[in-house]
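*Asks:* Structure in structure tokens, see below.
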Amino acid sequence: MTQLTAAPPSVPAAKSRKDSPLPAFLTAPTTRYVIRRLGQSLLTIFLTLTTVFVLIRMAPGDPAYSMAGPLASTEDLAQIRVNLGLDQSVVTQYLLYLKGLFTLDLGTSYSFQAPALEVVLQRIPYTVTLALAAILLTTLVSIPLGIWMAKRADTRRELGANVVTIAGQSMPDFWTGLMLLTFFAVLVPVLPAAGFTTWSSLLLPALTVAVLQIALISRMVRREMVNAYSSPYVTVARSRGVSEREITWRYALRNSSIPVVTALGTRFASMLNGVVVVEVVFAWPGVGSLVVRALETRDYPLIQATVLVTAVLAVLVQLAVDLCYPLLDPRVRLGKAAH
């Protein structure tokens, strides 16, 4: 009788790093990339703050004169400079500034008589809200519009859409804001004219900011989609009977998404720095209007705190955009590939 024996259990082969179930943004090369980018970002922020510190002290104007007014005596101006620490040398002021920077103590605002960083942090939610509304509106309009233009490339309809987008790209923000304000708040008073009293107050400023962005992003989407439609993989997909909807949204748009996402991230980061003109036109209580007031009064601590907060936000947005690349295109790898 033949004796049956159980076969020894097979030892599973070790998984290679390429077969790792971890997402691309959790791998070791990506972690090293993030750490390196954060280090570069910290250096960029430091150099930006140093440059701003030097430039605002080289600019004409005297904070003491702005605080005391034109009728102040020489003794009053001297006493104010002593109280503000402006009687010390620039090097001493810079060293004290660096000391406060590491403890997040950027001094007291001359205008508000409150910690400068707290004043900026109270205004930053309004700017972030406006930027989010504008970039959301831009995304919802520009991507479908760019796809529509790409499908009708070199036709009369596409020519008309090009004329509209070029006009939107050519109009200054203040003119667009004034026209929207005149029509929707004066001639047909259906929306608030200024301030942030209700959520409807957000519509006109967001639309004003989004007009230019829609014109720019839609033309970029159109260009990228035209290139994608003429690529070989789209031709092969059509020959296999893949529907136009799937070709557009699954193949062409996904392969065109990286430059579009990069442009959207860059625009969003610039909005976080304060849409100064729009905030002034609509009396929006954001960072942009705060910077205007700080420059008028030569409020050094307030200017430096604004630059710090907006620079950090811009860096975080750019880093988030970079981390989205592997999710949009699996071929993209951040950092050096593992051996």
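*Asks:* Assuming a ≥ b ≥ c are the square roots of the Cα gyration tensor eigenvalues, decide whether region 100-159 counts as rounded (a/c under 1.5), prolate (otherwise, with a/b larger than b/c) or oblate.
*Replies:* Since a/c reaches 1.5 and a/b is larger than b/c, the shape of region 100-159 is classed as prolate.
*Asks:* Classify the chain: rounded, prolate or oblate, from the alpha-carbon gyration tensor (a ≥ b ≥ c, eigenvalue square roots; a/c under 1.5 rounded; otherwise prolate if a/b is larger than b/c)?
*Replies:* In terms of gyration-tensor shape, oblate.
*Asks:* Would you please give the residues with an amide H less than 5 Å from that of Thr108, counting only those at least 5 places away or on a separate chain, with H modeled from the backbone geometry?
*Replies:* Ala116
*Asks:* A further question on this structure: Quick one: accessible area per residue over the chain, 1.4 Å probe, rounded to a whole number of Å²?
*Replies:* Per residue, the chain has 58 Å² of solvent-accessible surface.
*Asks:* Here's something else I'd like to know. Compute a Gaussian network model of the chain, connecting alpha carbons closer than 10 Å, and tell me which residue from Ala59, Ala114, Ala228 fluctuates the most.
*Replies:* Per the Cα network of the chain with a 10 Å cutoff, Ala59 tops the list.
*Asks:* Further question: Can you tell me the FRET efficiency between Asp62 and Ala193 if r is taken as the Cβ-Cβ distance and R0 is 30 Å, rounded to the nearest 0.05?
*Replies:* For R0 = 30 Å, the calculated efficiency reads 0.25.
*Asks:* State the dimensionless ratio Rg/Rh of region 119-256 (Rg: radius of gyration of Cα atoms; Rh: Kirkwood radius).
*Replies:* In region 119-256, Rg relative to Rh is 1.10.
*Asks:* So, one more: Please identify, among Ala215, Ala185, Ala311, the residue showing maximal mean-square fluctuation in a Gaussian network model of the chain using a 10 angstrom Cα cutoff.
*Replies:* Among Ala215, Ala185, Ala311, the largest GNM mean-square fluctuation belongs to Ala185.
*Asks:* Now, a different point. Take the Cα atoms of region 60-142, build their convex hull, and give its volume per residue in Å³.
*Replies:* Hull volume normalised by residue count: 167 Å³.
*Asks:* Residue by residue, what Karplus-based ³J(HN,Hα) values in Hz, rounded to whole numbers, does region 38-45 have, using 6.51, -1.76 and 1.60 with θ = phi - 60° and x for Gly and Pro?
*Replies:* 5, x, 5, 5, 4, 5, 4, 5
*Asks:* Roughly how many percent of the accessible protein surface of the chain is carbon and sulfur, given a 1.4 Å probe and a whole-percent answer?
*Replies:* 66 percent
*Asks:* Springs between alpha-carbon atoms under 10 Å, Gaussian network over the chain: tell me which of Ala206, Ala167, Ala294 tops the mean-square fluctuations.
*Replies:* Largest GNM mean-square fluctuation: Ala167.
*Asks:* Based on the Cβ-Cβ distance from Leu96 to Gln122, what FRET efficiency comes out when R0 is 22 Å, to the nearest 0.05?
*Replies:* Working from the Cβ atoms, E equals 0.35.
*Asks:* Turning to a different aspect of this structure: Step through the residues of region 103-117 one at a time and calculate ³J(HN,Hα) from phi using the Karplus curve (6.51 cos²θ - 1.76 cosθ + 1.60, θ = phi - 60°), rounding each to whole Hz and writing x for Gly and Pro.
*Replies:* 9, 6, 10, 8, x, 9, 5, 5, 7, 9, 6, 8, x, 4, 5
The values are calculated or read from the model by the stated rules, or taken from the named source; none is laboratory data. Everything quoted here is computed from the prediction, not taken from an experiment. With ideal geometry, Cβ positions are generated from the backbone for all residues, glycine too; neighbour counts draw on all protein chains shown. Protein only, heavy atoms only, side chains kept; ligands, DNA and RNA dropped before computing areas. Shrake-Rupley method; radii C 1.70, N 1.55, O 1.52, S 1.80 Å.
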